[in-house]
Amino acid sequence: MTINASGWRPERPEAGTTTASAFTGNTFTGNRALMLEEALIFEIGSTETTGVEVAAPARVASRLGSLDRSAPIGLPGLSEPEAVRHYTRLSRQNYAIDLGLFPLGSCTMKHNPRLNEKMARLPGFADIHPLAPVDTVQGALEVIHQLAHWLVTLTGMHSVAMSPKAGAHGELCGILAIRAALEARGEGHRKVILVPESAHGTNPATAAFAGYSVEDIPATSEGRVDLAALTARLGPDVAGVMITNPNTCGLFERDMRAISDAVHAAGGLVYCDGANFNAIVGRVRPGDLGIDAMHINLHKTFSTPHGGGGPGSGPVVFSEALAPYAPLPFVEQTADGFRLVEEETAEEHHAGSFGRMVAFQGQMGMFTRALTYILSHGADGLRQVAEDAVLNANYVLRSLDDTLDAPFGASGPCMHEALFSDSNLAEGFSTIDVAKGLIDEGYHPMTMYFPLVVHGAMLVEPTETESKAALDQFIGALRSVAERAKAGDVALKSAPHFAPRSRLDETLAARKPVLVWKDPAVPLAAE
Amino acid sequence: MRYLPLTDTDRQAMLATIGAKSIDDLFVDVPAIAQLDGPIHGLPGHASELAVERHMSALARKNLAAGDAPFFLGCGAYRHHVPASVDHLIQRGEYLTAYTPYQPEIAQGTLQMLFEFQTQVARLLGTDVANASMYDGSTACWEAIGMARRVTKRAKAILSTGLHPHYVSVAKTMAKFTGDVLETGTPSLSAGTDIGALIAAIDNDTSCVVVQYPDILGRIEDLSELAAACHAKKALLIAVVTEPVALGAIRSPGEMDADIVVGEGQSIGVGLQFGGPYVGLFGCKEKYLRQMPGRLCGETLDADGRRGFVLTLSTREQHIRREKATSNICTNSGLCALAFSIHMTLLGEAGLRALAETNHAGAVVAAERLAQVPGVELVNTAFFNEFTLKLPVEARPVVRTLADRGILAGVSLGRLYPGEAALANGLVVAVTETTTMEDVETLASALQEVLA
């Protein structure tokens, strides 16, 4: 038996001294040692319990205009220790980047430095009001201005709109600027946006929301935009293209400059989905490729934590042609300090603005984190970020292409992510079985079934914050699961076996949606 | 470079595995014109934690934090005390650094929390269902208008003059592109709201009426009659709540038969943060569920028959429906929803009601005190924790002067409605449990001096 350094060893009962147990695996609580079940707050809280002391109100006559609430709201409360325990226990049922490699392709889960969190919580940033007099928030405006400057510098573009709240909101910002620019030139009749097959699903939704009709452009057999098909479709009805670069097959669009030139020659504008900017930051300037607008997911490239689904932040950089149409508000540096241009009145220099996208200035808390990240890395570190991210992705691709099918493995180096397909798995086995098998190995699965251009896609993005040792272990785990799927190991079909839940019935959830808790003691009205 | 684990030895070994001579070989597909050869112009090299902290702290010190001044700003963002355990819990790595819960078996923590959040929000707003959060109140408001268009197949939205002017601006921006027709105006500095005018404006082309509750001047009025008038013409009533604490004291819009209720959840758990990230609340009647935008979490069973939670009804969403999706939202405000939910759980019904009562009582005392300042008039008869004062002079310069004296006096309507002379003397003042009676006295005396 291994003994620890102090020489202490756990006591073990002598063989034969205990009675044989008839333990079934079912515990009274439903807990399994450190894997704890947790009831809903509606089942354990009460409307009389509170975990917050509130000062007694002054005695005054109410001025609520006879709207005083009489009916109960039905909000259960927990005392502070109960609440801390509830949310701590729930947290243990989550996988997170702090627990291990999180290889979601196109979603970029990397280390989140806690310095960023600390800086965002400085009262000078966290405790200031969006409508505070601008003289009292000069430091906050300076943060926005500095970050904006670095985003423009890093992308080689002309200007930036900081207010979009997330990547998809940034896409909308870029497309609205394109539409405003076309309308300003009297070309509002251009009603079509071309979207390559490999684009994020948000791209067509965004174009449709901005009032455009969407047409798909196919990918070539090597996983890039079909330049000939794209060029052939250009014409007087095309407002522009939305293209993702590096694209969702993990490849750099080699023809980007030619695409931009062709679109511009045909009178359209070029939107680039910059969600994958992390693969090229500090090494490649998208502005040199002729694009007109590109959003940057600060939470991906500049490591603001994703918090189980947001918040994000999606500033949009613009070419000189689109800059005049950018949304309000924005920050301007003047001789007297920083100024927040937020008024809707048309001043000379922003008369073309398409308006306001959001109530206030955008995701200040994310700006603080992103600027902290940029300053921590500096010019040399940011370049190294891109290089290590690309190196890690290619290492994963080349370490596994003997086991898994890599449909674009011959298309050149991949960028930030490695793409595999399910084409050589055993009959009846698919990507989902590999993914759920990886959960049992202690990993969050890669992105599944995306991009749509590849059957049974598995998209792995390791990022730059993984060590070689961590990658080697992950590669070993994925190889092992893939080999089981190739050998037709039926145990994979019921994976995961060791997670807090076994496979969840998503069809049931969609067929009979239960979206809010209802007290089972209260009978439901007859259906 | 403390965040990058690869050593040069690792890099060489990995390049050998890949079969590349150098890292440049991995960037061969990037045209030379876009390759950066030298350093990024002007950006210094990597910096130590201490150096970055010094730089950022110096910037933070240039701001006047709300806690360092008598503070009365509201108009869509409110300062409330957030219990310490909220921020502690959301910083647990399993919440903070998790992705969207696409793999439900190992995301039950986030998913159960979202299910609890949806239930809390639906109960608070008085709606049947709620989604798992939107970006913020202003974008939720615009999404609600789009949803009303899909439900009614009509495109004319009537916006109350009491709706936050930034929310109106966001809706106007989007309407330019979606083809919605918006009818709106500016509020008048009077105690009464525009409900009568809204009712009169509803016609057979109206998709929805959008009303804020309490409104931008802090006024509150019963919405029942407006709801009935909307329904008589088959239009939807959308209510916007920017101060959810109010719903601890006054009837919810859902109880007054609003069809869609959206809100800014920042007040509960999230904090001011100079405008973001915030958390959008979105609830509606169950019959409109499938037209609802955004993410939804639903209850289901696992293969062993145990209760569990998944993201559901994704057939409405952008990654499946592409250009036919109900919204292009992908990322929402998960972590802020968690902060909201934890704070709401700590409050519970009893705590929320007590908090609301304290906010209201403080506001009543402050309103009465400030109305005693010579020349100052209280506009509202009914209000929750925010009210409007009519000053004898333009409010905007007064706010600036008071800021120079270290008092954050409120939001001038001149800032929110530039160029509207009739509103220029209006000052919107918010009072919460963080406001002390000394703060009120400081503001009252300073205002008296400035106006003298």
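At a glance:
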{"item": "Boolean, B:L73 is in a loop (DSSP other than H, G, I, E, B), at the interface with chain A (Cβ under 8 Å from one of its Cβ atoms), buried (at least 24 other Cβ atoms within 10 Å of the Cβ) and modelled with pLDDT of 95 or more", "result": "yes"}
{"item": "Every residue from segment A:403-420 that is hydrophobic (A, V, I, L, M, F, W, C) and under 25 Å from the mean Cα position of the chain (by Cα)", "result": "A:A406, A:F408, A:C414, A:M415, A:A418, A:L419, A:F420"}
{"item": "Some residue of segment A:105-112 being touching a strand residue (DSSP E or B) at 6+ places or on another chain (Cβ under 9 Å), at pLDDT 95 or above and crowded, with 23+ Cβ neighbours inside 10 Å", "result": "no"}
{"item": "Helices (runs of 4 or more DSSP H) fully within segment B:137-240 counting 1 or more residues that are of a type in the set (K, R) and within 26 Å of B:N425 (Cα to Cα)", "result": "B:165-178"}
{"item": "Odd one out for A:E187 among (1) acidic (D, E); (2) surrounded by fewer than 22 Cβ atoms within 10 Å (Cβ to Cβ); (3) in a helix (DSSP H, G or I); (4) touching a residue at least 40 places away in the same chain (Cβ under 8 Å)", "result": "(3)"}
{"item": "Checking B:F117 against (1) within 19 Å of the chain's Cα centre (by Cα); (2) facing chain A (nearest Cβ under 7 Å); (3) outside any loop (DSSP other than H, G, I, E, B), the condition it does not meet", "result": "(2)"}
{"item": "Among (1) within 23 Å of B:G276 (Cα to Cα); (2) not in a loop (DSSP other than H, G, I, E, B), the one test that B:R369 misses", "result": "(1)"}
{"item": "Residue match in segment A:374-385 (condition: of a type outside the set (F, W, Y), farther than 29 Å from A:K165 by Cβ and touching a helix residue (DSSP H, G or I) at 6+ places or on another chain (Cβ under 8 Å))", "result": "yes"}
{"item": "Residue in segment A:158-170 that is among the β-branched types (V, I, T), more than 10 Å from chain B (Cβ to nearest Cβ) and surrounded by fewer than 22 Cβ atoms within 10 Å (Cβ to Cβ) present", "result": "no"}
{"item": "Test for A:G412: is it surrounded by fewer than 20 Cβ atoms within 10 Å (Cβ to Cβ), at the interface with chain B (Cβ under 9 Å from one of its Cβ atoms) and either in contact with a His (Cβ under 6 Å, 6 or more places away or on another chain) or within 30 Å of A:T153 (Cα to Cα) (or both)", "result": "yes"}
{"item": "Test: residue in segment B:98-110 that is out of contact with any helix residue (DSSP H, G or I) (no Cβ under 9 Å at 6 or more places or on another chain), in a helix (DSSP H, G or I) and either closer than 18 Å to A:R114 by Cα or more than 7 Å from chain A (Cβ to nearest Cβ) (or both)", "result": "no"}
{"item": "Residues that are charged (D, E, K, R) and at the interface with chain B (Cβ under 7 Å from one of its Cβ atoms), drawn from segment A:111-144", "result": "A:E117, A:D127, A:D135, A:E142"}
{"item": "Qualifying residues in segment B:404-445 (those that are of a type in the set (S, T, Y) and surrounded by fewer than 22 Cβ atoms within 10 Å (Cβ to Cβ)) - the one modelled with the lowest pLDDT", "result": "B:Y417"}
{"item": "Residues (within 8 Å of the chain's Cα centre (by Cα) and under 14 Å from B:A246 (Cβ atoms)) located in segment B:258-280", "result": "B:G263, B:E264, B:G265, B:Q266"}
{"item": "In segment A:234-283, the residues that are more than 10 Å from chain B (Cβ to nearest Cβ), of a type in the set (V, I, T) and part of a loop (DSSP other than H, G, I, E, B)", "result": "A:T248"}
{"item": "Segment B:241-256, residues that are part of a loop (DSSP other than H, G, I, E, B) and hydrophobic (A, V, I, L, M, F, W, C)", "result": "B:A249"}
{"item": "Criterion (within 20 Å of the chain's Cα centre (by Cα), of a type outside the set (F, W, Y) and more than 18 Å from A:N247 (Cα to Cα)) met by exactly one of A:P462, A:P445", "result": "A:P445"}
{"item": "Members of segment A:371-381 found to be closer than 16 Å to A:G139 by Cβ and more than 7 Å from chain B (Cβ to nearest Cβ), listed by number", "result": "A:L371"}
{"item": "Contacts under 9 angstrom Cβ, first residue in segment A:21-49 being among the charged types (D, E, K, R), partner in a loop (DSSP other than H, G, I, E, B) and surrounded by 12 or more Cβ atoms within 10 Å (Cβ to Cβ), 6 or more apart", "result": "A:E37/A:G30; A:E37/A:N31; A:E37/A:P500; A:E37/B:R306; A:E38/A:R92; A:E38/A:Q93; A:E43/A:P76; A:E43/A:W517"}
{"item": "Residue satisfying all of: in segment A:205-226; within 11 Å of chain B (Cβ to nearest Cβ) and aliphatic (A, V, I, L, M); surrounded by the fewest Cβ atoms within 10 Å (Cβ to Cβ) among these", "result": "A:V214"}
{"item": "Some residue of segment A:507-519 being within 30 Å of B:M1 (Cα to Cα) and within 24 Å of the chain's Cα centre (by Cα)", "result": "no"}
{"item": "Positions within segment A:36-60 being farther than 28 Å from B:F117 by Cβ and more than 7 Å from chain B (Cβ to nearest Cβ), in sequence order", "result": "A:A56, A:R59"}
{"item": "Filter result for the condition that a residue is within 30 Å of A:F42 (Cα to Cα) and of a type in the set (A, V, I, L, M, F, W, C), over B:L416, B:L389, B:L355", "result": "B:L355"}
{"item": "Any hit, segment A:84-96, residues being over 24 Å from A:V385 (Cβ atoms) and part of a loop (DSSP other than H, G, I, E, B)", "result": "yes"}
{"item": "Every residue from segment B:281-320 that is at the interface with chain A (Cβ under 8 Å from one of its Cβ atoms) and polar (S, T, N, Q)", "result": "B:T300, B:T312, B:S314, B:T315, B:Q318"}
{"item": "Identity of the residue in segment B:120-144, surrounded by 24 or more Cβ atoms within 10 Å (Cβ to Cβ), more than 7 Å from chain A (Cβ to nearest Cβ) and farther than 18 Å from B:L313 by Cβ, that ends up nearest to the chain's Cα centre (by Cα)", "result": "B:C141"}
{"item": "Every residue from segment B:257-272 that is closer than 17 Å to B:E286 by Cβ and either at the interface with chain A (Cβ under 9 Å from one of its Cβ atoms) or not in a loop (DSSP other than H, G, I, E, B) (or both)", "result": "B:I260, B:V261, B:V262"}
{"item": "Scan of segment A:60-96 for residues that are under 19 Å from A:G307 (Cβ atoms), free of Cβ contacts under 8 Å to residues at least 40 places away in the same chain and buried (at least 21 other Cβ atoms within 10 Å of the Cβ), ordered by number", "result": "A:A83, A:Y87, A:S91, A:A96"}
{"item": "Options B:A13, B:A34, B:A65; residue that is of a type outside the set (S, T, Y), surrounded by fewer than 19 Cβ atoms within 10 Å (Cβ to Cβ) and free of Cβ contacts under 8 Å to residues at least 12 places away in the same chain", "result": "B:A13"}
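The values are calculated or read from the model by the stated rules, or taken from the named source; none is laboratory data. Since the model is a prediction, treat every value here as computed from it, not as a measurement. Please note: Cβ atoms are built from the backbone with ideal geometry, for glycine as well, and neighbour counts cover all protein chains shown.
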